[in-house]
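Structure incoming, see below.
The values are calculated or read from the model by the stated rules, or taken from the named source; none is laboratory data. If you're wondering where the values come from, they're calculated on a predicted model, not measured in any experiment. Cβ: placed from backbone, ideal geometry, glycine included. Neighbour counts: every protein chain shown.
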Amino acid sequence: MDIFEIIYILSGSTIGLILRWLIKYSFGKKLEYLFDHSLIVNVLSSLFLGIFIAFSVNNQNLILFFYVGFLGCFSTFSSFIYQLFNLIQKRKYLSLFLYYTEVLVLSLLLFNLGYFITLTFKN
Amino acid sequence: MNKFYFLLLILVAYFATIIRFYLNIFFVSFIGSFLYGFVISRKIKNANKEILLFGFCSCFTSFSGVVNFLYQLILKGYYLKLFLYFNLFIILNLIIMYFGFLLSRKMT
């Protein structure tokens, strides 16, 4: 990996980190556990990924910037697992099931939405 | 929010991003879950916890990588496999997080 590739990745990750920071602290503690900031972040990143895959980019630098840098830092898998873990600890099994289904369905739905809308408008 | 704290957060996130580039998506999420579980039961300052969890763990693991893996399965038409793999993956991650949680409880 040369220095320019590192610069591409790091500039993408800076934008992702700051966006996630803004989303977390602008909504603050107004959000419930069924609709917290990690849900918004993950669903939005699925939408972006769908749009990105539909364009079928061949440029290696753009992949490094957007997929590895931006989306990797913007989306967070461990917070999602922590939410599930937290709900198990509080013994809220119905909320656990609801949250899990919500994330899975919403992210796959928005991924496909972004993918097909982009495919429609591309041609 | 002071500048030093924010600088440290960004540096930690850079470090996590560079390591993630060299590793497999499964490996990354297992390590991330373990570290998250390890950190949440420690008694450390709130700002340091924020740097470790928000900066390191969240930048280290990526949900979009998992969605990309699911998309590869959808392309091949393995819908049942998709459902099974995703559930298995989540349960494994939860167990590993619990393991990290217990380990850090034992150490104190």
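Mind listing just one residue for me: the one in the stretch B:46-72 that is among the hydrophobic types (A, V, I, L, M, F, W, C) and without any contact (Cβ under 8 Å) to a residue 12 or more places away in the chain and, of those, surrounded by the fewest Cβ atoms within 10 Å (Cβ to Cβ)?
Keep residues of the stretch B:46-72 that are among the hydrophobic types (A, V, I, L, M, F, W, C), which gives B:47, B:51-54, B:56-57, B:59-60, B:63, B:66-67, B:69-70.
If we keep only those that are without any contact (Cβ under 8 Å) to a residue 12 or more places away in the chain too, we end up with B:63, B:67.
Numbers: B:Phe63: 27, B:Val67: 23.
Only one residue tops the list, namely B:Val67.
Could you please find all residues in the stretch A:102-116 being without any contact (Cβ under 8 Å) to a residue 12 or more places away in the chain and either surrounded by 14 or more Cβ atoms within 10 Å (Cβ to Cβ) or touching a helix residue (DSSP H, G or I) at 6+ places or on another chain (Cβ under 9 Å) (or both)?
Once the filter is applied, which keeps residues that are without any contact (Cβ under 8 Å) to a residue 12 or more places away in the chain and either surrounded by 14 or more Cβ atoms within 10 Å (Cβ to Cβ) or touching a helix residue (DSSP H, G or I) at 6+ places or on another chain (Cβ under 9 Å) (or both), the stretch A:102-116 yields A:Leu104, A:Leu109.
Exactly one condition in (1) within 10 Å of chain A (Cβ to nearest Cβ); (2) surrounded by fewer than 14 Cβ atoms within 10 Å (Cβ to Cβ); (3) within 30 Å of A:Asp2 (Cα to Cα) is false for B:Gly32; which is it?
Among (1) within 10 Å of chain A (Cβ to nearest Cβ); (2) surrounded by fewer than 14 Cβ atoms within 10 Å (Cβ to Cβ); (3) within 30 Å of A:Asp2 (Cα to Cα), the lone unmet condition for B:Gly32 is (2).
Of all the helices (runs of 4 or more DSSP H) wholly in the stretch B:35-108, which have at least 3 residues that are at the interface with another protein chain (Cβ under 10 Å from one of its Cβ atoms) and modelled with pLDDT of 90 or more?
Where helices (runs of 4 or more DSSP H) fall fully within the stretch B:35-108 and carry at least 3 residues being at the interface with another protein chain (Cβ under 10 Å from one of its Cβ atoms) and modelled with pLDDT of 90 or more, they are B:79-107.
Please find, among A:Gln83, A:Gln89, the residue that is closer than 26 Å to B:Phe99 by Cα and at the interface with chain B (Cβ under 10 Å from one of its Cβ atoms).
Within the list A:Gln83, A:Gln89, the selection yields A:Gln89.
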